[in-house]
Amino acid sequence: MTITEIVELLKAALRSAASEKYGIDLDQIVVETPPKTEFGDFAFPAAFELAKLIKQATGEKQNPRAIAESLRSCLEPVEIVSKVDVAGAGYLNVFVDRGKFLADNLTADPLPNTVDPTDETAVKVCVEHTSVNPNKAAHIGHVRNSVLGDTFHRILKATGKRVEVQNYIDNTGVQVADVVVGFMYLEGRDLGSIKALDAELAAAGTSFDYYCWDLYAKVGQAYQSDEALKAKRANVLHLIEAGDNATAELADYVATRNVQCITDTMERLGIRYDLLPRESEILHLHFWDKAFEQMKQLGVIHYEPEGKHAGCWVMPWESHTASDDHEADKILVRSNGTVTYTGKDIAYQMWKLGILGLDFNYRLFHTYADGKQIWITTPNPDDHQHTHFGGGETIYNVIDTRQSYPQEVVKKGVAAISPERGEKASVHLAYEMVALSPAAAEELGFELSDEDRKRPFIEMSGRKGLGVKADDLIDRLEANALAEVESRHADLPSDQKVRIAHQLAVGALRYFLLKFTRNTVIVFDFKEALSFEGETGCFCQYSAVRANSIFRKLGDIGETLEDCRKRVAEAGSLDEIISADPASDIWSMAILASRLEETVRQAAAANEPAILAKYAFSLAKAFNLFYHNHKILSETDELKRSVLVTVADMARRSLTAALETLGIEVPEKM
RNA sequence: GGUCCCGUAGCUCAGUCGGAUAGAGCGUUCGCCUCCUAAGUGAAAGGCCGGUGGUUCGAAUCCACCCGGGAUCACCA
């Protein structure tokens, strides 16, 4: 019996007892993990809840402890339960039969829900993340977005869902226009010259997106003193949107190259995509017109004949309160007839949900080393057979918290068009920004005003060229990790050392970004981000590596995992071993390792990958304690050794699976 | 002005729809490698959970107000 099954049995027993004894239906039964192993394996605060409900129903006050006492007898008969305690103010603490649980879960898959991506009957959801403007290199803030999104997609997959990962490419916006202005008017380049530059850069070992990073900052500077340049931008933007001209072609090259650079950067971190939908196709296929038609028909938006918004199409929003400076209603079509960004976003969200009634054309963009493909939208007809894109049951948009208002508008808009799907079909996975401490900004060579220096943090800005570039940080992490590997395993072949250093760098960066909850502003600190000690990805990897080395050496003592499992499964009672364990860390280890599946479910339900990151860390910590307290290979008692080996095996499989879901690999050695 | 987020140990953060002695990491101090990897580990010190009221048997958690910090509220993109 797995943890999930046990919990379901216990909940069912409580539910029926509550309705039998008190005539109350407990629809939601909370189960907690007690703060200490001595308190048991599951804690139910149901008596508190019942006391409240009884008071509501009858007005009579009942002592939670007495209620707990009366419920206790309904849990005791459950098969795997060994003991039920009433503790504290009225907790029902359940202890499971440890030996039986161990024997039952020796080989259990820590994450049993797998899904076949080609199975069209499985529930499909879409996760959009990354979505970096394709005009410069990605910085650490973009990486937070991508790591969150990528990890969340892995979490959803682990709960048994089919997940499509989309990376939206805004290739026709002002940001791209700015860089195009830089190439054309600051540097006097045409497409041929840019291609030549691109080749030169590649030969010199720098990359196109880094060049654009600096150019973008230069253009931003130039605008401040050159009004004429700004006018040129308006023209460039117009030409890009119109398409089918030399400027648009040039912009397409710039944007596409940046997309390639950014997806390469993300690939270094194990982040991949299924589809890159582009803004240009949304424009050219007139997604908005189609959405507009539906919205007009359904009365979701209306024309404003007079007043401040005369001539506009607006979406009313009663629940959003107006203030002195701002209107409550949201304009989707301007008085000059053009659509706003939010309007386009609603049309696009409709496509994602499969309710627009239009589809893109697609072409193959990239094939990863293992054969996995990225597709991109195209103005031309499809060039290959491809799977069906879009049409997710739920759409998760990973976008920073500053976009909460427009995301809210989009959600309300699509819910008005499709009330049966409602607002729950659109989820804004919001997260706070990554900012720089004033010290870190100065370390990067930026001059700060006295005012800036007093601020708690400084926002990164692509426009100013202020930020920690993702590739730079990964390079530094890899170099540091390589030095550490070198000092420990000088004898390894160098390609293996490099691979390990890479895995450690990825682990460090991903864990660093995931250990914070989404609504915490990360004030970037080099020392903390570059650390391999304490609460880091490296710590978790190290535990797994040590666990694996036990199994590498198992043969040296003439032992096999299968024999150990067999002995444990066939042992009459393991009580002597498990109960005699002074710190009871054998049991703590086993039960914690069995909680991965429920932790993943929790993380998915709360849209919070940090929950899983924290779990992986506590698992690694528990293993280190277990490892420290028990000499596994040198244990002479055969049965005890077998228990230790099987528990270590449960721990390493669970830890490995948890890390994999976080996008962190376990190195062979470190 | 409206809305949202944050305020917990010297620092950076967790804290499971309100519950058991408020937990980690870093930093500080003192320990642990004849033994499965010391990127590890044991111990100590460190807290009016921003403030004041309220709800409750019970509040870091919920409500109200206040104080600090941040974001956002365009016919921009």
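Miscellaneous remarks
- Of all lysines in the structure, the ones whose alpha carbon falls short of 25 Å from that of residue A:61, not counting any fewer than 8 places away in one chain, are A:11, A:21, A:52.
- Straight-line cross-link partners of residue A:124 among the aspartates and glutamates, defined as a Cα under 15 Å from its Cα and at least 8 positions apart when in the same chain: A:116, A:164, A:274, A:393.
- Partners of residue A:669 within straight-line reach, counting lysines whose Cα lies under 19 Å from its Cα and excluding those fewer than 8 residues away in the same chain: A:497, A:553, A:621.
- Three-way shape call for region A:403-562 based on the alpha-carbon gyration tensor, with the a/c threshold at 1.5: oblate
- Solvent exposure of chain A, expressed per residue, is 44 Å² of accessible area, with all protein chains present and a 1.4 angstrom probe.
- Legend: residues A:542, A:216, A:210, sorted from most to least accessible area (1.4 Å probe; ligands, DNA and RNA excluded), read A:542, A:210, A:216.
- 15 Å reach of a label modelled at residue A:230, 7 Å along Cα-to-Cβ, counting backbone N of region A:174-200: A:178
- Label zone at residue A:464 (point 7 Å along Cα-to-Cβ), backbone N below 17 Å, region A:223-245: A:223-225
- Listed residue pairs exceeding 22 Å between alpha carbons, taken from A:230/A:469; A:290/A:330; A:36/A:640; A:136/A:412: A:230/A:469; A:36/A:640; A:136/A:412
- Alpha carbon centroid spacing (whole Å) that separates region A:493-518 from region A:600-670: 18 Å
- Applying 1/(1 + (r/R0)^6) with R0 = 51 Å to the Cβ-Cβ distance of residue A:598 and residue A:201 gives a FRET efficiency near 0.55.
- Förster radius 35 Å - calculated FRET efficiency between residue A:573 and residue A:113, Cβ distance, rounded to 0.05: 0.60
- A Förster radius of 41 Å, combined with the Cβ-Cβ distance separating residue A:103 from residue A:433, puts the computed FRET efficiency at roughly 0.25.
- Listed residues A:219, A:248, A:276: farthest to the positive end of the dipole of region A:211-323 (Cβ charges): A:219
- Of the accessible area of region A:3-96, computed with a 1.4 Å probe over protein heavy atoms only, carbon and sulfur atoms account for 49 percent.
- Accessible surface, 1.4 Å probe, highest first, among residues A:654, A:70: A:70, A:654
- Between residue A:264 and residue A:210, the modelled labels are 1.1 nm apart [label points 7 Å from Cα along Cα→Cβ].
- Maximal additional length on extending the residue A:290-residue A:528 stretch stands at 80.8 nm, based on 0.36 nm per residue less the C-alpha distance.
- For region A:3-96, a/c is not less than 1.5, where a ≥ b ≥ c are the root eigenvalues of the C-alpha gyration tensor, and a/b tops b/c. That puts it in the prolate class.
- Cα centroid separation - region A:454-481 against region A:160-218, whole Å: 19 Å
- Kyte-Doolittle at least 0.0, axis length at least 24 Å by Cα - qualifying DSSP helices, chain A: A:3-22, A:140-158, A:494-514, A:609-629, A:638-661
- Student exercise, chain A dipole from Lys, Arg, Asp, Glu Cβ charges, in Debye to nearest 20: 680 debye
- Sequence-separation-based contact order of chain A, relative, with Cα cut under 8 Å and 6+ spacing, percent: 14 percent
- Residue order for A:447, A:576, A:49 - accessible surface, 1.4 angstrom probe, largest first: A:447, A:576, A:49
- Dividing the C-alpha radius of gyration of chain A by 2.2 N^0.38 Å, with N its residue count, gives 1.11.
- Length gained when the stretch residue A:442-residue A:82 is fully extended (0.36 nm per residue, less Cα-Cα span): 123.5 nm
- Lys/Arg +1, Asp/Glu -1 at C-beta; chain A dipole; positive extreme among A:590, A:430, A:285: A:590
- When both region A:1-42 and region A:79-136 are represented by their alpha-carbon centers, they are found 16 Å apart.
- Zone of residue A:472's modelled label, taken as backbone nitrogen in region A:242-261 under 20 Å from a point 7 Å along Cα→Cβ: A:258-259, A:261
The values are calculated or read from the model by the stated rules, or taken from the named source; none is laboratory data. Just so you know, these numbers come straight off a predicted model, no measurement behind them. Note: ideal-geometry Cβ built from the backbone for every residue, glycine included; neighbour counts use all protein chains shown. Areas reflect the complete protein model, heavy atoms only, side chains present, ligands, DNA and RNA absent. Shrake-Rupley method; radii C 1.70, N 1.55, O 1.52, S 1.80 Å.
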